[in-house]
Amino acid sequence: MPRRPLPPPGPSEPFRVAAVGKAEWPDLCRLFEQRGGPHYCWCMVWREMPSTDRGDKAAKKAQMLKRVEAGTPVGLLGYLGDAAVAWCSVGPRTSFRRLGDGDEGTNVWSITCFFVLRAHRGRGLTSRLIDHAVAHARANGADAVEAYPVAPDAPSYRFMGLVPQFERAGFRHAGRVGKWRHVMRFPLR
């Protein structure tokens with residue numbers, strides 16, 4: 001039986017989004033380390049890091065912290081009240097490993113991952129994070145935003161989002177990478 005979606009956050013619980021910096025690091029840790037959170041990968045799957053650290057959770061967390069402390073854009077946290085309940089990995093494509101074929105001559109930002117606490121899924125938070133990610137990239141001078149979602153029936157890579165979510169946000173198909181991932185692009189200039 002399909003799960004009935006929860007209503008979107010209302011005025012009593014406004015949804016706000018913040019770029020992750022040093023001040024937000026403790027919130028990111030709390031979100032990632034909750035049951036079901038991505039504490040096993042620390043959203044380092046698509047980021048460059050020493051191959052010796054790829055299997056080590058503590059090393060992945062340390063690599064993410066290193067980026068945050070350096071001021072490298074790593075992503076956005078979504079809050080309901082004071083609690084971080086959602087995450088979107090977004091940053092300059094140059095801060096990630098190769099995600100697919102693309103025009104390397106432009107300032108492209110990439111959206112690579114989402115996580116929403118189970119209790120808050122089905123409320124449209126991922127779609128809201130996509131909109132905030134586009135606005136964040138635009139505010140930081142990006143020429144375009146790329147995403148690498150999968151079709152709703154794909155058996156893997158679902159953490160990268162679903163094609164219909166990006167279509168509704170105005171992204172256009174720009175190709176495929178591998179068997180499952182679509183390349184979708186939102187031009188900003």
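The values are calculated or read from the model by the stated rules, or taken from the named source; none is laboratory data. Since this is a predicted model, take the numbers as computed values, not measurements. Positions of Cβ are generated from backbone atoms using ideal geometry, with glycine treated the same way; all protein chains shown enter the neighbour counts.
So, in segment 62-101, of the ones that are of a type in the set (D, E, K, R) and within 18 Å of residue 159 (Cα to Cα), which residue ends up modelled with the lowest pLDDT?
First pass over segment 62-101, keeping only residues of a type in the set (D, E, K, R): 66-67, 69, 82, 93, 97-98, 101.
Next cut, within 18 Å of residue 159 (Cα to Cα) only: 93, 97-98.
Working: 93: 92, 97: 85, 98: 79.
Result: 98.
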Scan segment 36-62 for residues that are buried (at least 18 other Cβ atoms within 10 Å of the Cβ) and assigned to a helix (DSSP H, G or I) and report the count.
2
Give the residue that is modelled with the lowest pLDDT, with candidates limited to residues of segment 23-54 that are under 15 Å from the mean Cα position of the chain (by Cα) and of a type in the set (Phe, Trp, Tyr).
46
If you check residue 90 against the conditions, is it touching a helix residue (DSSP H, G or I) at 6+ places or on another chain (Cβ under 6 Å), farther than 21 Å from residue 126 by Cα and in contact (Cβ under 8 Å) with a residue 24 or more places away in the chain?
no
Is one or more of the residues making up segment 150-160 surrounded by 15 or more Cβ atoms within 10 Å (Cβ to Cβ), in contact with a helix residue (DSSP H, G or I) (Cβ under 7 Å, 6 or more places away or on another chain) and without any contact (Cβ under 8 Å) to a residue 60 or more places away in the chain?
yes
Can you find even one residue in segment 103-114 that is in contact with a Phe, Trp or Tyr (Cβ under 6 Å, 6 or more places away or on another chain), modelled with pLDDT of 95 or more, farther than 21 Å from residue 150 by Cβ and crowded, with 23+ Cβ neighbours inside 10 Å?
no
For segment 98-111, indicate whether the set of residues that are closer than 27 Å to residue 35 by Cα, in contact (Cβ under 8 Å) with a residue 12 or more places away in the chain and over 11 Å from the mean Cα position of the chain (by Cα) is non-empty.
no
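Could you check segment 13-48 and list, in sequence order, the residues that are in contact with a helix residue (DSSP H, G or I) (Cβ under 7 Å, 6 or more places away or on another chain) and small (Gly, Ala, Ser)?
So the first thing to find is which residues in segment 13-48 are in contact with a helix residue (DSSP H, G or I) (Cβ under 7 Å, 6 or more places away or on another chain), and the list is 15, 17-22, 25, 36-44, 47.
Listed by number, the residues that qualify are 18, 19, 21, 36, 37.
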